[in-house]
Amino acid sequence: MRIGVAGLGRIGTMHARNVARAAGVDEVVLIGRDAGRTASVAERLEAQRSAEGPDATGWATVTTTVEPLADVLPRLDGVLVASATDTHADLARVVAESRTPLLIEKPLALGVDELAALSSDLERTGSPIMVAFHRRYDPGYQRLRRHVVDGDVGTLRLVQATENDHYALPIDYIPQSHGMWLDLLIHDFDSIPWVVGDPAVELSMIGSVLDEPVYGEHDDTDTAMVTLRFASGAVGSIGALRRSDAGQDVRLEVTGTKGAFGAGYGPRTPITSTEPDGTAPAHPYDTFGDRFVPAFEEEVAHFVRMVRGEAESLTPPASGLVATSLAEAARESFRSGGRPVRPRAVELPATA
């Protein structure tokens, strides 16, 4: 099996490694416009393979090309796109029209109307597509959802999420990040309704600029709190930081009439207990890639199964409509000083 990876930044390079290690993949084709960049990523992957020692097995061959993606597609069994956000819609159309299975980074589009139109176009091609909302593939989040579905939580009452990045964004990326609501919180806006099975009908967001002044210059925030009200009457919150020196901290917990369950809790959770017998984490999570190793690996493994025709996408293009609707509401609330906003109602696909 030959899988292409287009877009070789931090996320694309991580995906390329996981693809190279995925069972059943024989060749990874790194696709980029800069020959030096593609060669550098190939060398990095080779160094990682070598670090595993002479007995390392399971690594696919890694090759590079600077050909346009459209020209490479006929030689690929599947393609993973991790290029800049503004290129996602056009590249998704190119890949879908070729009927090549696609795993593409989120977001596909920046607004509900644009995403709804794009999703319809992509669906008409019949091409298998996964959007990289990786938490739906994470074992912890999947078990958390199962506890809700199986009734272990009882009647849902409270949902609490933490979304703290360890390292600050590069300064030059902040103006093009499209705001915390689309660049960071979008994962919570996707995973929370999916886990609890209860649509959010009201949202408010407040925030401050406490870390880097450039956020304020672009009507954005680095320190925020989102509150949610669900259709059932349950309530929720999301606390978010663009930088937390404690480490990468991503958690979700649900509490109901019968029990409380949480994903993201363990010896590496970057919280120091102040109880008499409490301890500090010895090795807190460093980056989002570090925090979600099982999720990213399973996401790629699921994609490979989809390429083979053995699995269907858990995250088809239209599955992002709920998250995008909540992101739009968060932006409106934040820019109005925290006024409660009712998210636009969207119709979910059956697989979402």
Rounded accessible area per residue of the range 43-103, 1.4 Å, Å²: 52 Å²
Area of Asp86 that stays accessible when all protein chains are in place (1.4 Å probe, Å², to 10): 120 Å²
By accessible area with a 1.4 Å probe, ligands and nucleic acids excluded, highest first: order of Asp121, Asp220, Asp150, Asp183: Asp150, Asp121, Asp183, Asp220
Extent along principal axes [Cα atoms of the range 94-134; Å; largest to smallest]: 25, 23, 13
Under the Debye formula (equal points on every Cα, no solvent term), log10 I(q)/I(0) of the range 282-352 at q = 0.27 Å⁻¹: -1.06
Three-way shape call for the range 105-194 based on the alpha-carbon gyration tensor, with the a/c threshold at 1.5: oblate
Dipole of the chain, positive end: most advanced residue of Val131, Pro193, Val41 [Cβ charges, Cα centre]: Pro193
Ratio of Rg to Rh over the range 68-138 (Cα coordinates, Kirkwood Rh, two decimals): 0.94
Charge dipole magnitude, Cβ of K and R +1, D and E -1 - the chain, Cα centre, debye nearest 20: 660 debye
Pairwise FRET efficiency - Ser237 versus Thr287, Cβ, R0 = 22 Å, nearest 0.05: 0.35
Within the chain, longest stretch free of exposed GluC sites (Glu not before Pro) [DSSP loop, at most 12 other beta carbons within 10 Å]: 53-309
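With only alpha-carbon pairs counted, each pair once and no self-pairs, how large is the Kirkwood hydrodynamic radius of the chain in angstroms?
With all distinct Cα pairs of the chain included, I get 21.1 Å.
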Angle between the chain longest axis and helix 321-335 axis [Cα atoms, degrees, rounded to 10]: 50 degrees
Surface accessible to a 1.4 Å probe, Asp26 within the full protein complex, Å²: 100 Å²
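Once you sort the root eigenvalues of the Cα gyration tensor of the range 132-271 as a ≥ b ≥ c, which label holds: rounded (a/c under 1.5), prolate (a/b larger than b/c) or oblate (the other case)?
prolate
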Whole-percent carbon and sulfur share, accessible surface of the chain, 1.4 Å: 50 percent
Largest to smallest accessible area among Phe288, Phe133 [probe 1.4 Å]: Phe288, Phe133
Heavy-atom accessible area ranking, 1.4 Å probe, most first, across Lys106, Lys258: Lys258, Lys106
Accessible surface, the range 248-352, averaged per residue in Å² (probe 1.4 Å): 50 Å²
Net charge over other residues, Cβ less than 15 angstrom from the Cβ of Val149 (K, R count +1; D, E count -1): +2
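The values are calculated or read from the model by the stated rules, or taken from the named source; none is laboratory data. What you see is a predicted model; the values in this text were computed from it and never measured. Neighbour counts run over all protein chains shown; Cβ positions are idealised from the backbone, glycine included. Remember, those area values only see protein heavy atoms, side chains included, never the ligands or the DNA or RNA. Shrake-Rupley method; radii C 1.70, N 1.55, O 1.52, S 1.80 Å.
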